[in-house]
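Single-structure report; data block below.
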Amino acid sequence: MNTTDNIAVTFYQNLGKLFYAIAASDKIVRKSEYESLKQIVKSKWLAVDDITDEFGVDAAFQIEIVFDWMDYETPNADTCFKEFQTFYEEHKSRFNTEIKTLIWETANAIAGAFSGKNKSELMMLGRLKLIFEN
């Protein structure tokens, strides 16, 4: 695995942190939020590129793996969001318009997966929108 592939895997891992932060912003990750994420990873994220991880698996699955790990470890949602934000600021060139749109669609789907979006999810989405606009 070369350095470019390594950054791509880290990219997907940070997306997992972001999507976990959205789901966990209200202190609870619901099954419907995780199911929504899994469906979007399979239907959209797998087609983004053909980068694989060290095990030869499509790197986009790192989104699910990290999300699941975060749900198990239950870190603070804000901390996960800030880790994504730091990665974003250090690697802005990886985030073209198409990727930002897909991230936004995924984040919205997760936030709306259980009884619509609540206040904490809306605030997290607002923070995401702000970093994408700057």
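Laboratory data are not the source of any read-out in this text; all were calculated from the coordinates shown. Keep in mind the model is a prediction, meaning the values are calculated, not measured. Virtual Cβ from ideal backbone geometry, glycine too; neighbours counted across all protein chains shown.
With springs only between Cα atoms under 10 Å, which of 55, 11, 19 fluctuates most in a Gaussian network model of the chain?
55
Provide Rg and Dmax in Å for the chain, with only Cα atoms included in the calculation.
For the chain, the Cα radius of gyration and maximum Cα-Cα distance read 13.7, 43 Å.
Students often forget the sequence filter, so: which lysines lie under 18 Å Cα-Cα from residue 82 once same-chain residues fewer than 8 apart are removed?
Those lysines meeting the cut-off are 17, 27, 92, 100, 129.
Compute the long axis of helix 31-43 from its Cα atoms, compare it with the longest principal axis of the Cα atoms of the chain, and write down the angle in degrees, 0 to 90, nearest 10.
Its long axis makes an angle of about 30 degrees.
Can you give the charge dipole size of the chain about its Cα centre, rounded to the nearest 20 debye, using +1 on the beta carbon of Lys and Arg and -1 on the beta carbon of Asp and Glu?
Charge dipole, the chain, about its Cα centre: 600 debye, nearest 20.
List every residue whose amide H lies under 5 Å from the amide H of residue 52, counting only residues 5 or more places away in sequence or on a different chain, with H placed 1.01 Å from N in the peptide plane.
Residues meeting the criterion, in which the H sits 1.01 Å from N, are 59.
Of 12, 51, 97, which is farthest along the charge dipole of the chain in the positive direction, counting Lys and Arg as +1 and Asp and Glu as -1 at C-beta?
97
Quick one: 3J(HN,Hα) in Hz for the range 44-49, Karplus 6.51/-1.76/1.60 with θ = phi - 60°, rounded, Gly and Pro as x.
Karplus-based 3J(HN,Hα) across the range 44-49 equals 10, 5, 5, 8, 5, 7 Hz.
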